[in-house]
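**Student:** Just dropping this structure here.
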Amino acid sequence: QVQLVESGGGLVQAGGSLRLSCTASGRDAHDYAMGWFRQAGQKEREFVAAISWSGGSTEVGDSAKGRFTISRDTSTNRIYLQMKNLEPEDTAVYYCAAARGLYYTETYEYEWWGQGTQVTVSS
């Protein structure tokens, strides 16, 4: 069992930056791949970025490429999503997720989810 807690969301103007954090706890939490997803209103949950347990492999979704960076601090079981040049279209609830394996881009591949943190980008 893995527990995930996100933080760092908030209100920011377009063009601004935010850094989200997700802390993982539980047995073997450091062994899991982790990812960020987002969901805007009634839309489907969308892949944002993922990182392997070691932090050595990452993948970023098309909407985030060039603007978002995922990283991991293995000593604290924490991952980060650095977001820059934010746009109103980035407004969503951002979720942290964990899974066994390398890393994944589909929601069904993740077993554990955090409660989410709201990011609102004003124009």
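**Student:** Based on the Kirkwood radius over alpha-carbon pairs, what is the Stokes-Einstein translational diffusion coefficient of the chain at 25 °C with 0.890 mPa s viscosity, in µm²/s?
**Tutor:** Details: Rh = 14.0 Å.
Translational diffusion coefficient: 175 µm²/s.
**Student:** May I ask you to list the trypsin sites (Lys or Arg not before Pro) in the stretch 1-57 that are in a DSSP loop and have at most 13 other Cβ atoms within 10 Å of their Cβ? Write out the running numbers ahead of the final one.
**Tutor:** Details: sites: Arg19, Arg27, Arg38, Lys43, Arg45; in loops: Arg27, Lys43, Arg45.
Sparse-neighbourhood loop trypsin sites (Lys or Arg not before Pro): Arg27, Lys43.
**Student:** Show me 77-83, 20-26 ranked by packing, highest mean number of other Cβ atoms within 10 Å first.
**Tutor:** Order by mean packing, descending: 77-83, 20-26.
**Student:** I would also like to ask the following. State, as an integer percentage, the relative contact order of the chain based on alpha-carbon contacts under 8 Å between residues 6 or more apart. Walk me through the numbers on the way to the answer.
**Tutor:** Numbers: 329 pairs, mean separation 43.8, N = 123.
Computed over the chain, the figure is 36 percent.
**Student:** Where a ≥ b ≥ c are the square roots of the eigenvalues of the C-alpha gyration tensor, would you call the stretch 29-78 rounded, which needs a/c under 1.5, or, failing that, prolate if a/b is larger than b/c, or oblate?
**Tutor:** Numbers: a/c = 2.70, a/b = 1.72, b/c = 1.57.
Judged from the Cα gyration tensor, the stretch 29-78 comes out prolate (a/c at least 1.5, a/b above b/c).
**Student:** Right, something else. When only C-alpha pairs under 8 Å and at least 6 residues apart count, what is the relative contact order of the stretch 18-68, in percent? Walk me through the intermediate numbers first.
**Tutor:** Details: 53 pairs, mean separation 12.8, N = 51.
Computed over the stretch 18-68, the figure is 25 percent.
**Student:** Test of the criteria: in the stretch 17-123, which GluC sites (Glu not before Pro) are in a DSSP loop and have at most 15 other Cβ atoms within 10 angstrom of their Cβ? Kindly include the intermediate steps, with their values, before the conclusion.
**Tutor:** Working: sites: Glu44, Glu46, Glu59, Glu89, Glu106, Glu109, Glu111; in loops: Glu44, Glu106, Glu111.
Answer in residue order: Glu44, Glu106, Glu111.
**Student:** Related question: Taking all pairs of distinct Cα atoms, average 1/r, flip it, and tell me the Kirkwood hydrodynamic radius of the stretch 58-112 in Å to one decimal place. It would help to have the intermediate numbers written out before the result.
**Tutor:** On the way: mean 1/r = 0.0783 Å⁻¹.
Kirkwood hydrodynamic radius for the stretch 58-112: 12.8 Å.
**Student:** Still on this structure, I have one more. Using alpha-carbon positions, what is the distance between the centroids of the stretch 33-66 and the stretch 82-123, in Å?
**Tutor:** About 6 Å separates the Cα centre of the stretch 33-66 from the one of the stretch 82-123.
**Student:** Report D for the stretch 82-123 in µm² per second (integer): Stokes-Einstein, Kirkwood Rh on Cα pairs, 37 °C, 0.692 mPa s. Write out the running numbers ahead of the final one.
**Tutor:** Values: Rh = 12.0 Å.
The estimated diffusion coefficient comes to 274 µm²/s.
Just so you know, all these numbers are worked out from the coordinates, no wet-lab data involved. Just so it is clear, the structure is predicted and the values come from calculations on it, not from any experiment. Positions of Cβ are backbone-derived with ideal geometry, glycine not excepted, and every protein chain shown enters the neighbour counts.
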